[in-house]
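*Asks:* Have a look at this one.
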Amino acid sequence: MARPTLWLVGIAAIVIAVVAFTRITDSVPGLSSPTTAVSTSEHDIAAPGTATPDTTTSVSSVTDATTVPTVTLPPGREACDVYSEINENGKVVSTALVEASGLAVSRVAPDVLWSHNDSRDAAVLYAMTPTGEDLGRIKLPGAFAFDWEDMAAGPDATGAGQYLYVGDIGDNFNIRGGQVAVYRVPDGDPETIGDTFPEVVSLPYRYPDGPHNAEALFIDPIDPALYLVTKSTDEAFVFRGSLAQVGDGPMELELIATLFLGAEVSSADISWDGGIIAFRGYSSVWMWTRDPGQSVADALSGQPCQAPAPDERQGEAIAFDAQLAYWTVSEGLEPEIHVVSADL
C-alpha cells in the first residue's frame with residue numbers, strides 16, 4: 001500500500017491486543033512461527049511445458065507437461081532493449097478485487113492471470129483472463145491474510161512442479177517482530193480447482209536484523225529460491241530464502257543485495273527463463289539482465305536499466321509471461337490491465 005490508513009491502524013491495534021491478551025500468535029503467520037497450513041506433500045498437477053508462440057496480447061497456452069518455456073533474450077540485447085510499447089489489454093471486472101497488490105501469470109492454465117487484494121480481504125486468490133474477465137475466487141484454507149503484498153509463480157525447492165506463492169510480507173507499523181509468511185498453492189486451471197485450493201503450504205521466514213516492510217517477491221526458477229525486496233525510498237534490501245521448509249520454526253532470510261533506486265519498490269518478478277529481473281515502483285520499472293550461470297545477487301550488483309512504466313494510479317503488481325512480455329495492474333476499482341510485449 002502507498003501509505004498507512006486509519007483502517008490499518010485499527011487492524012494493527014487489534015492484532016497487538018490479541019497478541020498481548022490471548023496469546024494466539026502461534027497461529028498467526030508472520031507474528032510467530034507459522035506451520036504448514038494444510039499439507040507439505042507435493043501436489044499432483046503436472047509441471048507445464050513449452051508454450052505456443054503467439055503475437056497477440058494473451059497469455060500463451062501450455063502444451064507440453066514436462067518442461068517450462070525458455071524464451072530468452074536474443075544474443076547481444078539487454079533487457080530494456082526489447083520493450084517499448086505499453087498497451088491496455090482490458091480492465092479488472094471483479095468488483096471484489098479492489099486492491100490488486102500482486103499478479104502472476106499461470107504457467108499451467110492457458111490465459112489465466114492470478115491476483116489478490118492487499119489487506120482488506122480473506123485469504124483468497126482471484127483468477128481472471130488477460131482482458132480482466134472474472135474466473136472466480138479461490139480460498140486458501142488455513143492461511144491468514146494479514147498484509148498480502150505480492151505473489152509469484154514458480155517451482156518448488158527441487159525445481160519441480162508449478163506453484164503460486166503469496167507473500168504475507170507487509171509490515172507498515174513494524175509489529176511483526178521481523179517474521180513474515182509466504183503461502184504456496186498448486187498452480188492450475190481455476191475451473192478444475194473449484195472454490196478451494198486442495199493444498200496450502202505455509203513457509204515462515206525471519207529477517208536476520210529485525211522488522212522490514214516488503215511489497216515485492218519473486219521465485220528464481222534456475223536456482224530455486226524465494227527473494228523478498230523491502231520498500232523504502234532510501235534503499236531496497238533484497239533477501240533470499242529457502243523454499244524447503246526445515247523444522248517447525250521460521251527460516252532465516254539472507255541479505256544478498258542493497259540497492260539505491262531512489263524510489264520505493266512495490267512489486268517484482270523474474271522471467272520464466274530466469275534471464276530478466278524486474279522491479280516496479282509507482283512510476284518506474286527497473287530491469288537487470290542475468291547472464292547464464294550468474295546468481296541473482298551478481299545480476300543485481302550491476303546497474304539497472306529503465307523499462308516502460310505504465311501510468312497507473314497505484315501500480316503494485318508486475319508479472320512476466322512465457323514470451324517475456326510483462327503485465328501490470330493497479331489497485332483501485334476496475335483498474336486497467338497493461339501489457340508491454342517483448343520485441344524479439
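*Asks:* Checking the structure you have, find out if any residue of the stretch 191-213 is surrounded by fewer than 24 Cβ atoms within 10 Å (Cβ to Cβ), within 20 Å of A319 (Cβ to Cβ) and at pLDDT 95 or above.
*Replies:* yes
*Asks:* Considering each residue of the stretch 111-136, count those that are surrounded by 19 or more Cβ atoms within 10 Å (Cβ to Cβ) and on the phi < 0 side of the Ramachandran plot, and give that number. Full working, then the answer.
*Replies:* The initial filter retains those residues of the stretch 111-136 that are surrounded by 19 or more Cβ atoms within 10 Å (Cβ to Cβ), namely 112-119, 123-128, 130, 132, 135.
Retained after the next criterion (residues that are on the phi < 0 side of the Ramachandran plot): 112-119, 123-128, 130, 135.
Count: 16.
*Asks:* Which ones in the stretch 291-322 are buried (at least 22 other Cβ atoms within 10 Å of the Cβ) and either in contact with a His (Cβ under 7 Å, 6 or more places away or on another chain) or in a loop (DSSP other than H, G, I, E, B) (or both)?
*Replies:* Matches in the stretch 291-322: P310, D321, A322.
*Asks:* Within the stretch 259-277, can one find any residue that is among the acidic types (D, E), part of a strand (DSSP E or B), crowded, with 21+ Cβ neighbours inside 10 Å and modelled with pLDDT of 95 or more? Walk me through how you get there before you give the answer.
*Replies:* Pass one, the stretch 259-277, residues among the acidic types (D, E): 264, 269, 273.
Then drop every residue that is not part of a strand (DSSP E or B), which leaves 269.
Within this subset, residues satisfying the condition of being crowded, with 21+ Cβ neighbours inside 10 Å are 269.
Checking the rest, the ones that are also modelled with pLDDT of 95 or more come to 269.
Yes: the stretch 259-277 contains one or more residues that are among the acidic types (D, E), part of a strand (DSSP E or B), crowded, with 21+ Cβ neighbours inside 10 Å and modelled with pLDDT of 95 or more.
*Asks:* Counting only residues that are over 20 Å from A109 (Cβ atoms) and touching a residue at least 60 places away in the same chain (Cβ under 8 Å), how many does the stretch 121-146 have?
*Replies:* Step one: filter the stretch 121-146 for residues over 20 Å from A109 (Cβ atoms), giving 121-123, 141-146.
If we keep only those that are touching a residue at least 60 places away in the same chain (Cβ under 8 Å) too, we end up with 123, 141-144, 146.
The qualifying residues number 6.
*Asks:* Among the residues of the stretch 157-215, count how many are closer than 16 Å to A109 by Cα and hydrophobic (A, V, I, L, M, F, W, C).
*Replies:* Selection size over the stretch 157-215: 4.
*Asks:* Something else now. How many residues does the stretch 256-312 hold that are of a type in the set (A, V, I, L, M) and within 21 Å of L324 (Cβ to Cβ)?
*Replies:* Here is the first cut: in the stretch 256-312, the ones of a type in the set (A, V, I, L, M) are 256-257, 259, 261, 263, 265, 268, 270, 276-278, 285, 287, 296-297, 299-300, 307, 309.
Remaining after also requiring within 21 Å of L324 (Cβ to Cβ): 265, 268, 270, 276-278, 285, 287, 296, 299-300, 307, 309.
So the answer is 13.
*Asks:* For a quick check of your reading of the model, give me the residue pairs whose first member lies in the stretch 62-79 and is closer than 20 Å to Y163 by Cβ and surrounded by 19 or more Cβ atoms within 10 Å (Cβ to Cβ), whose second is modelled with pLDDT of 70 or more and hydroxyl-bearing (S, T, Y), with beta-carbon atoms closer than 9 Å and at least 6 apart or on different chains.
*Replies:* V62/S106
*Asks:* Now for a separate question. Tell me which residues, restricted to the stretch 223-239, are without any contact (Cβ under 8 Å) to a residue 60 or more places away in the chain and in a loop (DSSP other than H, G, I, E, B).
*Replies:* Matches in the stretch 223-239: K231, S232, T233, D234, E235.
*Asks:* Of the conditions (1) of a type outside the set (D, E, K, R); (2) surrounded by fewer than 18 Cβ atoms within 10 Å (Cβ to Cβ); (3) modelled with pLDDT of 95 or more, N174 satisfies every one except a single condition; which number is it?
*Replies:* (3)
*Asks:* Still on this structure, I have one more. What pairs can you find where one residue is in the stretch 161-173 and farther than 17 Å from T230 by Cα and in a loop (DSSP other than H, G, I, E, B), the other is modelled with pLDDT under 95 and among the acidic types (D, E), and their Cβ atoms are less than 7 Å apart, with a gap of 6+ or different chains?
*Replies:* G161/E42
*Asks:* Here's another thing I want to ask about it. Within the stretch 313-344, track down each residue that is more than 15 Å from L217 (Cα to Cα) and of a type in the set (D, E).
*Replies:* D321, E331, E334, E336, D343
*Asks:* Suppose we filter F197, F146, F173 for residues that are aromatic (F, W, Y) and in contact with a helix residue (DSSP H, G or I) (Cβ under 6 Å, 6 or more places away or on another chain); which single one remains? Don't jump to the end; show me each part of the working.
*Replies:* Values: F197 fails: in contact with a helix residue (DSSP H, G or I) (Cβ under 6 Å, 6 or more places away or on another chain); F146 fails: in contact with a helix residue (DSSP H, G or I) (Cβ under 6 Å, 6 or more places away or on another chain).
So the residue among F197, F146, F173 that is aromatic (F, W, Y) and in contact with a helix residue (DSSP H, G or I) (Cβ under 6 Å, 6 or more places away or on another chain) is F173.
*Asks:* Please go through the stretch 233-254 and give me each residue that is β-branched (V, I, T) and modelled with pLDDT of 95 or more, ordered by number.
*Replies:* Taking the stretch 233-254 first, the residues β-branched (V, I, T) are 233, 238, 246.
Matches in the stretch 233-254: V238 only.
The values are calculated or read from the model by the stated rules, or taken from the named source; none is laboratory data. Note that the structure is predicted; figures quoted are calculated from it, not measured. In this analysis, Cβ positions are derived from the backbone assuming ideal geometry, glycine residues included, and neighbour counts consider all displayed protein chains.
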